[in-house]
Amino acid sequence: MRIVVLVSGTGSNLQAVIDAVASGELPDVQIVAVGADKHGTYGVQRSADAGIETFVVNFKDYPQRSEWNHALTEKCLSYQPDYVVSSGFMRIVGEEFINAFDGTYINTHPALLPSFPGAHGVRDALAYGVKVTGCTVHIADAGVDTGPILRQEAVTVLPEDTEDSLHERIKVVERRLLIATLADLAAKQHSS
Ligand code: GAR
């Protein structure tokens, strides 16, 4: 199963997938490329360090969002992936991208969707005062963190939690869910 992973930041969840592939935990998964929407992300750096092909489709280089979206779509298509995984990719992709990867664009989110979508899922959950939050892996559609849910798990909010401490505990669960989801998808592909 060929996957392209998209990142905007540190890529610690991506690192867990890289490690799972390297250790043989995901024997049927190949990370064919890692891409970012800006230069200088640690996610791209760590992928290059792991010998994975990388690319940047820099959002700021395109006057129109649709042009960026077109370039990103074409770039991802060029790797002929079975799935594209948004792992901390913080840009909304447009219709062209969603149509090209209809049902095969996977996103992870640090909250129990449909609660607290958007760029600040952990902060928003803390601000609301929920006692339980969590993470979601889902098939992404054209909305913001919307689409059919594949896996979801709860994480308890502790009284002393900060956004960082809670996010770190969520990410531990998120990594496990993402790897399990990729294993499910690879198994499904293998048997079809
Ligand atoms: C992850 O928690 C991911 O769910 C979140 O960004 C973090 C990336 O961490 N994505 C979103 O909030 C998308 N709405 P990482 O760069 O350390 O893997």
Filtered residues of segment 77-100 (kept if more than 15 Å from the chain's Cα centre (by Cα) and assigned to a loop (DSSP other than H, G, I, E, B)) = TYR79, GLN80, GLY94
For residues in segment 116-163 being on the phi > 0 side of the Ramachandran plot and without any contact (Cβ under 8 Å) to a residue 40 or more places away in the chain, which is farthest from the ligand (Cβ to nearest atom)?
-> GLY129
Members of segment 46-76 that are part of a helix (DSSP H, G or I) and among the aromatic types (Phe, Trp, Tyr) | PHE59, TRP68
Given (1) surrounded by 15 or more Cβ atoms within 10 Å (Cβ to Cβ); (2) over 25 Å from ARG2 (Cα atoms), GLY94 misses just (2)
Taking segment 10-40 as the region of interest, how many residues are buried (at least 16 other Cβ atoms within 10 Å of the Cβ), within 14 Å of the ligand (Cβ to nearest atom) and assigned to a loop (DSSP other than H, G, I, E, B)?
-> 3
For LEU177, all conditions in the list (1) within 16 Å of GLY121 (Cβ to Cβ); (2) assigned to a helix (DSSP H, G or I); (3) in contact with a Leu (Cβ under 7 Å, 6 or more places away or on another chain); (4) of a type in the set (A, V, I, L, M, F, W, C) hold save one; what is the number of the exception?
-> (3)
If you check THR104, THR133, which single one turns out to be more than 22 Å from LYS38 (Cβ to Cβ) and either over 19 Å from the mean Cα position of the chain (by Cα) or surrounded by fewer than 21 Cβ atoms within 10 Å (Cβ to Cβ) (or both)?
-> THR104
LYS171 vs. criteria within 25 Å of GLN15 (Cα to Cα), at pLDDT 95 or above, part of a helix (DSSP H, G or I) and of a type in the set (Lys, Arg) = yes
The condition of being touching a strand residue (DSSP E or B) at 6+ places or on another chain (Cβ under 6 Å), surrounded by 14 or more Cβ atoms within 10 Å (Cβ to Cβ) and either of a type in the set (Ser, Thr, Tyr) or over 27 Å from ARG176 (Cα atoms) (or both) holds, among TYR62, TYR79, only for TYR79
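The values are calculated or read from the model by the stated rules, or taken from the named source; none is laboratory data. Predicted, not measured: the structure shown is a model, and the values here were computed from it. Here the Cβ is made from the backbone with ideal geometry for all residues, glycine too, and neighbour counts use every protein chain on show.
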